[in-house]
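Here the structure comes first, spelled out in structure tokens, and everything after it is commentary.
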Amino acid sequence: QVQLVESGGGLVQAGGSLRLSCAASGRTFSSYVMGWFRQAPGKEREFVAAISTIGSSTYYADSVKGRFTISRDNAKNTVYLEMNSLKPEETAVYYCAANRHFVSRSGREYDHWGQGTHVTVSS
């Protein structure tokens, strides 16, 4: 079992940057694939990025590729999402999620979710 707590959200101007963090409890963090998802008001949750257990492989939604970077520090039980050149349409609640199976862009494959952190990008 793992519990996830996101932080780092806030208000940023278009073109700005934010770094989200997701701290995990438990001693088995390094066995979990980690993902970031987001849900904008009135829209479905969408995949943003994912990272393999040891961080050797990363995956991104096309819309964020080249601007966002997912990373993890297994010694600190933390996964990060560095977001640059943010756009107003990326205003959303950002969630981190964990699964012990395989890297997936589908939220259905993730067993554990954080409570989310709000990101607002002003124009």
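The values are calculated or read from the model by the stated rules, or taken from the named source; none is laboratory data. Computed from a predicted structure; not experimentally measured. Heads up, the Cβs are rebuilt from the backbone with ideal geometry, glycines too, and the neighbour counts pull from every protein chain shown. Just so you know, the surface numbers come from the protein's heavy atoms only, side chains and all, with ligands and any DNA or RNA stripped out. Shrake-Rupley method; radii C 1.70, N 1.55, O 1.52, S 1.80 Å.
Assorted remarks:
- Candidate lysines - alpha carbon under 23 Å from Lys87, same-chain residues fewer than 8 apart omitted: Lys43, Lys65
- For the stretch 1-109, the normalised intensity computed at q = 0.24 Å⁻¹ comes to -1.45 (log10 of I(q)/I(0), Debye sum over alpha carbons, equal scatterers, no solvent).
- Counting only protein heavy atoms and a probe of 1.4 Å, the accessible surface of the stretch 78-123 is 45% carbon and sulfur.
- Gap separating the Cα centres of the stretch 57-123 and the stretch 34-52, nearest whole Å: 6
- Rolling a 1.4 Å probe across the protein heavy atoms gives the stretch 26-123 an accessible surface of 51 Å² per residue.
- Filtered trypsin sites (Lys or Arg not before Pro), the stretch 48-93: DSSP coil and at most 14 other beta carbons within 10 Å: Lys65, Lys76
- Of the solvent-accessible surface of the stretch 22-75, computed with a 1.4 Å probe over protein heavy atoms with every protein chain present, carbon and sulfur atoms account for 47 percent.
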